[in-house]
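Only one structure is covered here, and it is reproduced in the block below.
The values are calculated or read from the model by the stated rules, or taken from the named source; none is laboratory data. Here the structure is a predicted model, which means the values were calculated and not measured. Positions of Cβ are backbone-derived with ideal geometry, glycine not excepted, and every protein chain shown enters the neighbour counts.
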Amino acid sequence: MKLTNQSLLLATVIPLLAFPVGLKADSSAQISDDELLDLSLEELISLDVPDVTSVSKRKQRLMDSPAAVYVITDEDIRRSGVTSIPEALRMVPGVQVARLNSNTWSISTRGFNYIFANKLLVLIDGRTVYSPLFSGVNWDVQDTMLEDIARIEVIRGPGAALWGANAVNGVINIITKHAADTQGGLLSTGFGSEEKAFGSYRYGAEFGDDGYYRAFVKSFSRDGLANADGSDANDDWQINRAGLRADWRTRNGSEVSLQGEIYEGTTSPTLKVFNDDTKEQELLTNQSRDQKGGHLIGNYKRYLNDGSHISVKGYYDRYENYDYRVTEKRDVADLEFQHQMLPLGNHDIIWGLGYRFTHYNLTEMNHVSTGDPDRTDQLYSAFIQDHISLTPQWALTLSSRFEHNDFTGFEVQPNASLTWKISDQQTLWFKAASAVKTPSISETSVTSRGIAFIREEERLLSDGSIPELLAITGNENLESENLFALEVGYREQFNNRLLFDITAFFNQYRDLLAYVDYSCLDGTTPIPSGFGCFYTQQPTIPAFELSSTFANGLTANTYGVELTTDWQATPWWKLQFNYSFLSVDAFSESTGNPLTDGYLKGNEELLETLSADHTANIRSHMNLPNQWYLDFWVRYMDNLKNARVGAYTALDVRVAKKIGKNLELSLTGQNLFEKQRLEFSEIFSGLGETEVQQAWYLQLRWQH
């Protein structure tokens, strides 16, 4: 069903009517409730403006940060009722999240939203989790115990000067809690219509004179989504995970941490493939996709005699993906050194060096082939940042990263930002930055055939009697995609009750990848019109194939506005609102070849229609008498034209009751405005789209 204006109004007004405005809040709630109620509104709003570290690799007030940064707190995660990191990212202004099937999401910011979105760098405790296979993120294995997440810092806009290539449109930094903050036991378990069964248990304790540790286990079984006709898509999803973290201080005062996780899981997504025997499109529904892996992270931080400090971080990551299309195995080892100096006069300098080793292996390929199935890549990097305090009100930050990779060689990514601290409650900032997205393995050395089907309304053959396919061949001569970005932002805290944050941006992209024409892959000649190939030389035409390769052929400009407000209406009621607008304009120069120009025009339309123009969120958190809690979340996503998905509005509601100090019961309803809906579709991966369903789940959380 489509949401009417009256429905949206009711969803916004119901929280206002749930309790009389003058009603006193519960006096026996937790700190996150009990002590919270003894604070003034000024103290309450200050609690919700946390320090951040992702913007400049040093601790600073969010109010003073020269970037479009948004922080999802542990309280936001708990009270939203989300059960995965991708769903939590729906809270962030400018971040677009669309679910394709039970375990696959398309997540991006400031445009380019599709399954292989590759311009967003994601880190978990400093471990980069992007896949070198397609420069994107396997979101289905980026998980941990949600109660152990301290915060998620999301930078919209380039962060490559500090974090490196592929931090083009943003950086998502997921930071888990220090082991000292997770002492004792915590059990979280429940069941529901889609969350069939889930449970996690964590225990933390002390060791030695100044050491702490925690260990956890987590498991869930999620029901598959729905087909368009309402039938079960049978893409159920299960994962088991376990992890350990230890933090301690050595005798000389150095700080050390060691953490790791292992996981294994399986799902059965629907796949669309071209059957070479029957010469027809086929839907595969019983092909298990199994995944397993793990990682180990070590951190060491030492304070020097002059008060400065050095840190060394290293990690090892193993990933295995057993998919019908390809079996992928990947090993990554990374080492980084960083030195933060004491301010030298008015200069605060941070610099560092890094090295990353990646080995991957591709086997058992169906509809996918490569001439380089076993490959090793190395990345060398260095960065430097100088934060210059010009006056007590003005600060200039200059930074750059220098990298050498095995795809494009040497890359330089500079950044400059200027901050004007008008007052403690007002900040204006400006930023100019460059960033690059380096080519991936799939873009340079992989050929895919028989898994990308042209949509029926876009087919070139008028009779529609045979399938039309898109074959894509990698190009080893690709260059990096380049971004130049300009941003301006303003933050203000009004009357110690309302926090306002607005950012405007303009991005110019050069050398974006495009699909262009290519010679036929099976030795046949193009049909007389010159724009395609027959899939086989058999007398009976089984399929028509458009053959393409990648080239750096497009330019694009994007601009937009992102607005966030946090309003502490009363000590027991908080409202949060954000809104984002995005416009994308892509273009290319004529090559003089009508065939190539036709491909480029199609790519222009693709880029311009990948993302929604408008998105918005309204969240309401209410602490009610007798330790009851009521949370509403209304979110709006404008239409995704390329995905053939119309605009929709979704409602989630969470009701919780705390019993004593240690036990909480909650009931969460999700997507309550519609029985089911399509959120995303695409043609490039072969994955069949399924529809998100209305759902509910009951959860018990016990802590001691």
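In summary, Pro392 fulfils each of the numbered conditions (1) over 25 Å from the mean Cα position of the chain (by Cα); (2) closer than 30 Å to Tyr300 by Cβ; (3) surrounded by fewer than 16 Cβ atoms within 10 Å (Cβ to Cβ); (4) in contact (Cβ under 8 Å) with a residue 24 or more places away in the chain with the single exception of condition (2). Among the numbered criteria (1) of a type in the set (Ser, Thr, Tyr); (2) closer than 16 Å to Val92 by Cα; (3) part of a helix (DSSP H, G or I), which one does Ser611 miss? Failed condition: (3).
Out of the residues in segment 417-445 that are under 25 Å from the mean Cα position of the chain (by Cα) and of a type in the set (Gly, Ala, Ser), state the one that is surrounded by the fewest Cβ atoms within 10 Å (Cβ to Cβ). Going through the qualifying residues, I end up with Ala432.
Scanning segment 556-580 for residues that are under 22 Å from Leu483 (Cα atoms), crowded, with 17+ Cβ neighbours inside 10 Å and touching a Phe, Trp or Tyr at 6+ places or on another chain (Cβ under 9 Å) yields Ala556, Thr558, Gly560, Glu562.
Inside segment 169-190, can you point out the residues that are in contact with a helix residue (DSSP H, G or I) (Cβ under 7 Å, 6 or more places away or on another chain) and not in a strand (DSSP E or B)? Of everything in segment 169-190, those that are in contact with a helix residue (DSSP H, G or I) (Cβ under 7 Å, 6 or more places away or on another chain) and not in a strand (DSSP E or B) turn out to be Lys177, Thr182.
I'd like to check something: does segment 674-688 contain any residue that is surrounded by fewer than 18 Cβ atoms within 10 Å (Cβ to Cβ) and under 19 Å from Met91 (Cα atoms)? No - not one qualifying residue is present in segment 674-688.
Once segment 191-225 is narrowed to residues that are not hydrophobic (A, V, I, L, M, F, W, C) and not in a strand (DSSP E or B), the residue that is surrounded by the fewest Cβ atoms within 10 Å (Cβ to Cβ) is Asp209. In segment 420-434, the residues that are free of Cβ contacts under 8 Å to residues at least 12 places away in the same chain and polar (S, T, N, Q) form Cβ pairs under 9 Å with partners that are surrounded by 15 or more Cβ atoms within 10 Å (Cβ to Cβ) and assigned to a strand (DSSP E or B), at six or more places apart or across chains, as follows: Ser423/Glu492. Counting the residues of segment 82-107 that are small (Gly, Ala, Ser) and buried (at least 23 other Cβ atoms within 10 Å of the Cβ) gives 3. Does Phe407 satisfy the criteria of being closer than 27 Å to Tyr322 by Cβ and of a type in the set (Phe, Trp, Tyr)? Spelling it out, Phe407 is indeed closer than 27 Å to Tyr322 by Cβ and of a type in the set (Phe, Trp, Tyr). Candidates Asp277, Asp323: the one that is surrounded by fewer than 16 Cβ atoms within 10 Å (Cβ to Cβ), free of Cβ contacts under 8 Å to residues at least 40 places away in the same chain and farther than 20 Å from Glu336 by Cα is Asp277.
Please verify whether Arg99 is in contact (Cβ under 8 Å) with a residue 40 or more places away in the chain and part of a helix (DSSP H, G or I), treating the condition exactly as stated. In short, no. I'd like to check something: does segment 344-367 contain any residue that is closer than 23 Å to Ala67 by Cα and part of a loop (DSSP other than H, G, I, E, B)? Yes; the residues of segment 344-367 include at least one that is closer than 23 Å to Ala67 by Cα and part of a loop (DSSP other than H, G, I, E, B). Touching a residue at least 12 places away in the same chain (Cβ under 8 Å), under 25 Å from the mean Cα position of the chain (by Cα) and surrounded by 14 or more Cβ atoms within 10 Å (Cβ to Cβ): does that describe Asn405? So Asn405 passes the test.
Restricting attention to segment 339-379 and to residues that are loosely packed, with under 13 Cβ neighbours inside 10 Å and among the β-branched types (Val, Ile, Thr), the residue that is nearest to the chain's Cα centre (by Cα) turns out to be Thr376. Applying the criterion of being charged (D, E, K, R) and part of a strand (DSSP E or B) to the residues of segment 449-501, the residue that is surrounded by the fewest Cβ atoms within 10 Å (Cβ to Cβ) is Glu492. The residues on offer are Asp652, Asp631, and the sole one that is part of a strand (DSSP E or B), crowded, with 17+ Cβ neighbours inside 10 Å and in contact with a His (Cβ under 6 Å, 6 or more places away or on another chain) is Asp631.
Residue check: is Leu665 surrounded by fewer than 21 Cβ atoms within 10 Å (Cβ to Cβ), closer than 30 Å to Thr182 by Cβ and free of Cβ contacts under 8 Å to residues at least 60 places away in the same chain? Criteria met by Leu665.
One line per residue, one yes/no per condition, for (1) at pLDDT below 95; (2) of a type in the set (Phe, Trp, Tyr); (3) at positive phi:
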{"residue": "Val412", "(1), (2), (3)": "no, no, no"}
{"residue": "Trp420", "(1), (2), (3)": "no, yes, no"}
{"residue": "Ser423", "(1), (2), (3)": "yes, no, no"}
{"residue": "Ser442", "(1), (2), (3)": "yes, no, no"}
{"residue": "Gly450", "(1), (2), (3)": "yes, no, yes"}
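The residues listed here are Leu512, Leu521, Leu470, Leu483; of these, the one that is over 30 Å from Trp567 (Cα atoms), modelled with pLDDT under 85 and of a type in the set (A, V, I, L, M) is Leu521. Looking only at residues of segment 226-246 that are touching a residue at least 12 places away in the same chain (Cβ under 8 Å), among the charged types (D, E, K, R) and part of a loop (DSSP other than H, G, I, E, B), we find that the one that is surrounded by the most Cβ atoms within 10 Å (Cβ to Cβ) is Asp235. Taken over segment 277-335, residues that are in contact with a Leu (Cβ under 7 Å, 6 or more places away or on another chain) and of a type in the set (Phe, Trp, Tyr) amount to 3. Look at (1) surrounded by fewer than 24 Cβ atoms within 10 Å (Cβ to Cβ); (2) in contact with a Pro (Cβ under 8 Å, 6 or more places away or on another chain) and you find that Val168 fails only one, number (1).
Table: residues versus (1) under 30 Å from Phe684 (Cβ atoms); (2) in contact with a helix residue (DSSP H, G or I) (Cβ under 8 Å, 6 or more places away or on another chain); (3) surrounded by 16 or more Cβ atoms within 10 Å (Cβ to Cβ).
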| site | (1), (2), (3) |
| --- | --- |
| Trp248 | no, no, yes |
| Asn252 | no, no, no |
| Ser268 | yes, no, yes |
| Gly293 | yes, yes, yes |
| Ser311 | no, no, yes |
